[in-house]
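This report concerns only the one structure given below.
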Amino acid sequence: LTIKAENGFNPSSVQAMNRILYFVSEGRGMPKEKEYPILFNAIERFAGADHVPAQLVFARLNYEGRYVQKDYSNAVKWYRRIANNTRVHYVLRADAMVNLGTMFLLGYANQSNEAAYHWYERAAELGDAIAMNKLVELYLKEVPREFTSEDERMKAGDADYWKKKSEGVDIIEIK
């Protein structure tokens, strides 16, 4: 499949890449170590051609250090690209936003807690239950953050806002 995906961007190669992405995300059919660069480069080419599933997998591979050395800045770059692209389905955008929030909260991207809140809030506003629950957790733990207005401070102080909003929202996991 990798060779087929490297031959250009046509319906057959996109279908092959979709299969590759499925197997990579599921951890099945792992390639031999000598094939890592071929696989990684093929996914990178599709990501660069605006193939959103490839962008998500490529970001995750950089974040986890699979097939390549960990590169948090590259993962952030690709997650941001998806998160800010309004043509991308909101579920995929929210997934990228949650990943950004998590990376910033854990300190992997040299950002403040404010950046983590920002991305979790954007994902929550798109209806992402994981982001809503993460915000509730952060507000209850009183993780420090900076506020630009009193309205923002009042909304942030109310963990119940996001808890109520998340009730009844189905959690969708993107793999």
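No lab work stands behind these numbers, since they all come straight from the coordinates. Worth saying up front: this structure is predicted, and the values here are computed from it rather than measured. Positions of Cβ are generated from backbone atoms using ideal geometry, with glycine treated the same way; all protein chains shown enter the neighbour counts.
A few points about this structure:
- Sorting the segments 65-76, 35-46 by their mean number of nearby beta carbons within 10 angstrom, highest to lowest, gives 35-46, 65-76.
- Working note: Karplus 6.51/-1.76/1.60 with θ = phi - 60° gives the range 94-108 the couplings 4, 4, 5, 5, 5, 4, 5, x, 5, 4, 5, 4, 7, x, 7 Hz, where Gly and Pro are set to x.
- On the beta carbon distance between N18 and E125, with R0 = 30 Å, the FRET formula returns roughly 0.55.
- Distance in nm between pseudo-label sites at E167 and A49 (7 Å out along the Cβ direction from Cα): 4.8 nm
- FRET efficiency, H89 to K141 (Cβ-Cβ, R0 30 Å, nearest 0.05): 0.45
- Over 28 Å between alpha carbons, listed pairs K34/K70; K70/K134; K32/K70; K77/K164; K34/K134; K77/K134: K77/K164; K34/K134
- Close amide H contacts of D71 (hydrogens built in the peptide plane, cut-off under 5 Å, sequence separation of 5 or more or a different chain): Y63, G65.
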